[in-house]
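Have a look at the structure below, then the notes.
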Amino acid sequence: MNAREVRVAAAVATIWLLLAAGWALAGEEAIQLRDAPGRDVTTAFCATCHSLDYIQMNAAVLDRAGWEKSVRKMMDRFGAPIPDEDARKIVEYLGENY
Amino acid sequence: MVIKRREVLASSAGLLLLGAVGARSDEPPVPGATDDVLVALPGKKPLIKRSFRPPNFETPIADLREAFTPNERFFVRYHLADIPEVDRRSWRLKVGGSSAQRSVEFSLAELKRGFEHVSIAAVNQCSGNRRGLFTPRAAGIQWQYGAMGNAMWGGVRLRDVLNRVGIKADALEVVLDGADRAVLPVTPDFVKSLPIERALDENTLIAFEMNGAALPHWNGAPARLVVPGWTATYWVKHLAEIRVEPKPFDGFWMKTAYRVPTGAFAGARFASQETPQTTPITEILVNSLVTSHSDGARLARGRTAELSGWAWDGGSGIGSVEVSTDDGQSWRSATLAKDLGRFAWRGFHFAVETSTTGSRALAVRAVSRAGARQPDKLTPNPSGYHHNLVQRLTLEVA
């Protein structure tokens, strides 16, 4: 694992801790993003703070530029600790698939 | 303060998944398509799930037919996902701030015992209610009609509590913080402020009762702010701290979020937070909702059919509700039901002519006592607030 993969793995582990601690509502775990390159990094970072239905819900609203703005908002306004390289992958994934 | 995490959330038995209301597929969502899913939060009846975490759930229109929306059917809206269950007995409300004479902590019993009890019927409506119907589309929770409800709120006046701690002459805003928090410590906490004059309004309450029962967890237990006439963003849940301050509060949820273009909408101004470009959303605009029928509903020819629903505004009260059966060429007044108070919604009903078969294109609009009327065009604003278009629906007589 390189450093970034470690970070992603840590973020995934955090989500499961949150789920186990009861932060998440049951039912959420059934939500799966579309299987395409970038899904894991998107799931790992986005689901740290919110369920993935936020992505599905805004799919009809946001284009690639909109997703980029949204990801920047999560980083700049809400403090999501997403490295720029991962942020690019997330925007690419969301722009392609949602 | 002892805060216990809601253990029931960890259990899948606590949630009832009722399945999709409409067809779902892997195809990209079509704007306006119905793929609503009904899910019951612990202690709630099934509501339309918009998001699981933080929980955002809206009330189906069919469950908005009662004058007072039942607590277990009332909508749920959170910004941040760490939502503690607050213990009513050990809960303390801290009241102080730079423009308060002193700092005091109140228990629930002290609030109940120490101040006059007040009840007020008021509509609680999310600023972004109907955002999902906005054109152009606006990002955020894609609410349809049910991020609102009407309830009888019981509690004590914020004014009485603030006067007890003493207010200095330089008081400008009252800052409100609840016990709910963000997952990441760096994410801005949901903290709101009110202009001092609105905080001291006799109708602004610290409420611990809803429709005669203790405030439900998902609606802000043990106490929430109630700001009749203002959108629900100010109705801070799980109240923990109230501060009287001499300066404009500069948190994210005031200076960046919940803002509209300055001068775009009528209603109370929030002068200390206003910039030349944007200003906080404040009062609810005049609006109405047909709850008896949905668009496309079928009526039996020759059988009496009555259209009914609710109309409300930011506190002037409803003057009339008008119905057009000719696509807005002419309007007739609906019959208004009992007045539940100027901050509550007002019932209306209107007999639909069913003697001949065919389509009935109806339009419904409310007019406030202040003379404001629902518009035919939306006022654009980036966050998709204040959707109050004239409602149009077509009924089929067959």
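One table, with the values for the structure above:
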{"read-out": "Subset tally (residues that are of a type outside the set (Phe, Trp, Tyr) and within 14 Å of residue B:385 (Cβ to Cβ)) for the stretch B:257-276", "value": "8"}
{"read-out": "Residue in the stretch A:36-48 that is out of contact with any His (no Cβ under 7 Å at 6 or more places or on another chain), crowded, with 19+ Cβ neighbours inside 10 Å and within 7 Å of chain B (Cβ to nearest Cβ) present", "value": "yes"}
{"read-out": "Out of B:275, B:279, B:256, B:233, sole residue that is buried (at least 22 other Cβ atoms within 10 Å of the Cβ) and either within 18 Å of residue B:173 (Cβ to Cβ) or in contact (Cβ under 8 Å) with a residue 60 or more places away in the chain (or both)", "value": "B:233"}
{"read-out": "Flag if residue B:37 is closer than 30 Å to residue B:122 by Cβ, surrounded by fewer than 17 Cβ atoms within 10 Å (Cβ to Cβ) and modelled with pLDDT under 95", "value": "no"}
{"read-out": "Condition met for residue B:157 (at pLDDT 95 or above and under 25 Å from the mean Cα position of the chain (by Cα))", "value": "yes"}
{"read-out": "Residues that are more than 15 Å from residue B:373 (Cβ to Cβ) and in contact with a Phe, Trp or Tyr (Cβ under 9 Å, 6 or more places away or on another chain), drawn from the stretch B:333-344", "value": "B:335, B:336, B:337, B:340, B:343, B:344"}
{"read-out": "Every residue from the stretch B:93-137 that is at negative phi, in a loop (DSSP other than H, G, I, E, B) and buried (at least 20 other Cβ atoms within 10 Å of the Cβ)", "value": "B:99, B:126, B:127, B:128, B:129, B:134"}
{"read-out": "Residues being part of a strand (DSSP E or B), more than 30 Å from residue B:51 (Cβ to Cβ) and of a type in the set (Gly, Ala, Ser) - total across the stretch B:138-166", "value": "0"}
{"read-out": "The listed residue being in contact with a strand residue (DSSP E or B) (Cβ under 9 Å, 6 or more places away or on another chain), within 12 Å of another protein chain (Cβ to nearest Cβ) and under 22 Å from residue B:138 (Cα atoms), out of A:57, A:74", "value": "A:57"}
{"read-out": "Only one of B:174, B:161 that is surrounded by fewer than 23 Cβ atoms within 10 Å (Cβ to Cβ) and closer than 15 Å to residue B:240 by Cα", "value": "B:161"}
{"read-out": "Count of residues meeting criterion [closer than 13 Å to residue B:54 by Cβ and in contact (Cβ under 8 Å) with a residue 12 or more places away in the chain] in the stretch A:53-75", "value": "1"}
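The values are calculated or read from the model by the stated rules, or taken from the named source; none is laboratory data. Quick caveat: nothing in here was measured; it's all calculated off a predicted structure. With ideal geometry, Cβ positions are generated from the backbone for all residues, glycine too; neighbour counts draw on all protein chains shown.
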